[in-house]
Structure formats: structure tokens, C-alpha cells
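Structure first, then comments.
The values are calculated or read from the model by the stated rules, or taken from the named source; none is laboratory data. All values derive from a computational prediction rather than experimental measurement. Here the Cβ positions follow ideal geometry from the backbone for every residue, glycine too, while neighbour counts run over all protein chains shown.
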Amino acid sequence: MEKLLFAVDIGQESGCELLKTPDGGLVTRLECTKRLLKRFVHLKHALSKAHEFGVCTITDSASWSLHFTPEPDVAIAAIDNIQFCDRLFPSCDLRSLFDLMQVSLIAMVTPCKPELPHPDSNYALRVILVYAQSNTVPQCPAPAEMAELFARHSKLFIDTVYLHDTAADSNMVGAIFDILGSVEGPLSRHVELSRQIQRYEIGMMELLANPLHRAPNSQHRWIA
């Protein structure tokens, strides 16, 4: 069983017309993300009715939109209700995402349900982080903190999706790419793109698979 937390950037750059649709139209980063996440929920629920889904939104910090639920219709409604925020945030503290995640799970603790998945637990906790900024470098936990977290919790997985402008001297795409990599573990996967909707669709399909079955080889880390 998997608990899947979708953490979705809703700031100003998420409203950029990023991707071309097959009919030649344009769709924003956020609208494309919402469509793919809804399909993701449908497909994961078809694979197992035990999976649970949660939703967070990201501006200058993370906040809950939906705590974990096994009801796919509830999760899809929460994704549909994600609202674009037409505001440029000069900073983004992603450390708040990890704080919210742990506080929420601690509130759910029972003797058989630890706040983070232990090796002998019956579930894996997955975070799919969708970041859409090209000029705001997020603050993240230190690499040593992340390494300790992954070492303690072998069933914790963090995948990142980075939707960005073409890298240039005038933006911070390279620095953001590196900092997002710092929150990934040995089995993490990373989807990144600027214009290709097919690349996003393929990447999200590959993220459907159970991360416990992934090869811990760096050559498989990036989804093209």
C-alpha cells in the first residue's frame, strides 16, 4: 500500500503557457499538472484500492489542501479545486513541506501505523513534488538531513517534477535543478521539461510503478 502526497506549485510561473497539446493549443503548467495527477489517481486506485492520496499546494511555503484519503473521488475533487495564485513569490521554503508531512502523519499514529514508514511497515510514503519556478531557488533541508531521513525510512520516496523555462543566464534554472536533486533519495526519479507535453505524460506514467521495484542505479534516475 502507498500513501501518495502530491505537492503542487501554484505560484505565478505555474500559470505560464508551457506545453503544446496534440491539437496545437497551449496549456499552462498547472492545468497540465492537474490533468495528469487526476489520471494518476485513477490508475493507482485501479491497481489497489488500499492506496491513499493527499494534496499540498506550494507558494512561499507548503499548506495542506487534502489530508490522506483512500477515496479517489475526494482526491480528484481536491486536485480540481487547486487554484492558480497570480503572484510572484521571492522565496519558497520547501522545508515546510517536510514539516507538514511529518506533523500530519504523527497525528495518525497508532501502534501499527508509525509516523514515517519503517522497514517492517505495510505502506510506503511517496511524495511527488511539482515545482514550476525558473527564478526562485527553494530552501530545502540540508543534504545531510535528507540522507539521515532516507537511511531511517527505507519506504520513504520523494520524486520531483520540474517544469521550467529554457535555461539561460537570466534565470536560475540550473541552481533550482541542483537544489531539487538534493531532496531526492537513492531510488528517486526526476521528471524535467520546458515544452514537451509528451515527456510529462511519459514521466508521470513511469512514476506509477511501485518505487520498491526501482533499480538504485543513477542511470535510471532521470526520466527523459
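Figures for the structure shown
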item: Evaluation of L156 against (1) touching a helix residue (DSSP H, G or I) at 6+ places or on another chain (Cβ under 6 Å); (2) closer than 21 Å to P211 by Cβ (one fails), failing number; result: (1)
item: Test: residue in segment 43-56 that is polar (S, T, N, Q) and at pLDDT 95 or above; result: no
item: Looking only at segment 152-201, and only at residues there that are among the aromatic types (F, W, Y) and without any contact (Cβ under 8 Å) to a residue 40 or more places away in the chain, the one that is surrounded by the fewest Cβ atoms within 10 Å (Cβ to Cβ); result: F177
item: Residue in segment 108-116 that is buried (at least 19 other Cβ atoms within 10 Å of the Cβ), more than 17 Å from the chain's Cα centre (by Cα) and either of a type in the set (F, W, Y) or at pLDDT below 90 (or both) present; result: no
item: Of all residues making up segment 146-165, the number that are aromatic (F, W, Y) and within 19 Å of M204 (Cα to Cα); result: 2
